[in-house]
Amino acid sequence: MLNRYERARIIGARALQIAMDAPVLIETVEIDSIRVAITELDAGVLPLTVIHKDE
Amino acid sequence: MVSDLYLLEQMETVLKGAVSRVVMEEAHTKLLSFNEKRDFSEEELQRILHEIVAEYRKARVDPGEPVGTVAAQSLGEPGTQMTLNTFHYAGVAEINVTLGLPRIIEIVDVRKDPSTPVMAVALDDEHRFSKEKAILAAQRIEGTTVENVARSTALDVIGAEFSIELDSERMEDSGLTFEEVIKKLKKTKSVERIRYDEDEGLVILSPGTVNLLKLRRFSQKIKGLSLKGIKGIERAMIKKEGDEYFVYTEGSNLAEVMTVPGVDPYRTTTNNIYELFEVLGIEAARNAIMREIQKVLDEQGLEVDRRHIMVLADAMCLEGDIQQIGRHGITGEKASVLARASFEVTTGHLLEAAREGEKDRLNGVTENVIVGQPIPLGTGIVELVMNPSFEDAKEV
């Protein structure tokens, strides 16, 4: 489970990649890069991992 | 009604690991008592337990939440609504206590001499249920000076004598006898001769041959001579609360009041936070900070979540002694040079840090704002890595 900061950070990072023409990992009708990133994250196709520093 | 054993079992399965130990303990005692009153069914119990977990999750903050800033705002806004009315008679037999904004300032500045120190003294089992015994204890606590029991005093400059007219009523109030007062006066070093003028009812003291200045000093010293009770306690009065009596004092001297016979040292407290810290330690001080701030807010009818106050108290007590909020405390002793420099005397801090070869690890918020990096708060605290072995990733 991601907390809201982790979620926002991942969506932001991914949306930036998409906006810079990275290949989209999922079939979607969305145009907006942020919306696409959200769809990707919710579909569980993003290979991004959150590092927990003090664990 | 579910059995106590079933209740405990269900609590273990649903709550364990999901909520903190403190919450669990509190839930346990409360559920036990409510179960008796309301006869929970198994289903009701389940729903309550799951509700507890849900509420607990909702009340938690995410890592990266700027709790200090939120606490500062949550205390600061009600602060703007506070009336400036300084004094307030706390309902306790005319003891007045500083409340409102001045008191808040006093607390966060960790003032060692608060303007209105007061104590709430609890009494032991022998004294707390009887009015007479409580008065006795109050008399032992209340500091009484010669001036307090004198109807009048006079300084005879020509005869180099100081005369006191003792008030028998006042002496009785403080539980003193005429003989005790005389004895105490005789013991005082600078008193050379003492005699009692029976016709006038005057006690006449002489310091021997001294100059005028010394004579005046002598008279001041005698007036302030402590006859009974504890230094620093100006007034003590009893008040009934529930079925027991408490002694409330103006002035505070925790260490000594705790040793007075009849006093229950475990339940006795003072509003002088620094004194409490010196006598009982840092945890007591932390509790006192929270209690005193809460008292001010309650009195003004303002509602602030306890946890904001806890953050404040924790920040002040983190180092093991009480640090004030401001240049001589939390702000002034920040680990980062840049954070300190951004507060005040910028060049001074930078120069000193350069001279000592200080390093800045850029761990805090201020430092990172200065160098133009993302700050370690909120999304800035999240670190991401690519996971190359992630197999579900497939290109469209």
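The values are calculated or read from the model by the stated rules, or taken from the named source; none is laboratory data. Note that the structure is a prediction, hence the values are computed from the model and not measured. All Cβ positions, even for glycine, are placed from backbone atoms using ideal geometry, and neighbour counts span all protein chains on display.
Quick notes on this one:
- Selection status of B:Arg306, surrounded by fewer than 18 Cβ atoms within 10 Å (Cβ to Cβ), closer than 30 Å to B:Arg128 by Cβ and in contact (Cβ under 8 Å) with a residue 12 or more places away in the chain: yes
- Filtered by the rule that a residue be touching a residue at least 12 places away in the same chain (Cβ under 8 Å) and over 32 Å from the mean Cα position of the chain (by Cα), region B:342-367 gives B:His349, B:Leu350, B:Ala353, B:Glu358, B:Asp360, B:Arg361, B:Leu362, B:Asn363, B:Glu367.
- Qualifying residue in region B:342-358 (condition: touching a Gly at 6+ places or on another chain (Cβ under 8 Å), over 23 Å from B:Asp62 (Cβ atoms) and more than 14 Å from chain A (Cβ to nearest Cβ)): yes
- Only listed residue being out of contact with any helix residue (DSSP H, G or I) (no Cβ under 7 Å at 6 or more places or on another chain) and more than 14 Å from every other protein chain (Cβ to nearest Cβ), chosen from B:Arg291, B:Arg286: B:Arg291
- In this entry, B:Glu126 passes the filter for residues that are under 31 Å from the mean Cα position of the chain (by Cα), charged (D, E, K, R), within 22 Å of B:Met258 (Cβ to Cβ) and surrounded by fewer than 18 Cβ atoms within 10 Å (Cβ to Cβ).
- Filter result for B:Gly175 (under 20 Å from B:Tyr245 (Cβ atoms) and either surrounded by fewer than 18 Cβ atoms within 10 Å (Cβ to Cβ) or assigned by TED's automatic domain parsing to the domain that holds B:Lys223 (or both)): yes
- Consider region B:226-247 and keep the residues that are under 19 Å from the mean Cα position of the chain (by Cα) and at pLDDT 90 or above. The one that is surrounded by the most Cβ atoms within 10 Å (Cβ to Cβ) is B:Val247.
- Scanning region B:64-84 turns up no residue that is at pLDDT 85 or above, in a strand (DSSP E or B) and not hydroxyl-bearing (Ser, Thr, Tyr).
Matching residues to (1) within 11 Å of chain B (Cβ to nearest Cβ); (2) modelled with pLDDT of 90 or more:
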{"residue": "A:Met20", "(1), (2)": "no, yes"}
{"residue": "A:Val24", "(1), (2)": "yes, yes"}
{"residue": "A:Thr28", "(1), (2)": "yes, yes"}
{"residue": "A:Arg35", "(1), (2)": "no, yes"}
{"residue": "A:Ile38", "(1), (2)": "no, yes"}
{"residue": "A:His52", "(1), (2)": "yes, no"}
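- Selection of first residues in region B:186-205 that are assigned by TED's automatic domain parsing to the domain that holds B:Ser163 and within 19 Å of B:Ser168 (Cβ to Cβ) and of second residues that are part of a strand (DSSP E or B) and aromatic (Phe, Trp, Tyr), restricted to Cβ pairs under 8 Å at least 6 apart or on distinct chains, gives the following pairs, ordered by first then second residue: B:Leu202/B:Tyr196; B:Val203/B:Tyr196; B:Ile204/B:Phe162; B:Ile204/B:Tyr196; B:Leu205/B:Phe162.
- Count of region B:14-35 residues which are surrounded by fewer than 16 Cβ atoms within 10 Å (Cβ to Cβ) and among the β-branched types (Val, Ile, Thr): 2
- Where A:Leu16 falls short, out of the listed (1) facing chain B (nearest Cβ under 10 Å); (2) under 11 Å from the mean Cα position of the chain (by Cα); (3) surrounded by 12 or more Cβ atoms within 10 Å (Cβ to Cβ): (1)
- Output for region B:211-254, where each listed residue is free of Cβ contacts under 8 Å to residues at least 24 places away in the same chain and of a type in the set (A, V, I, L, M, F, W, C): B:Leu213
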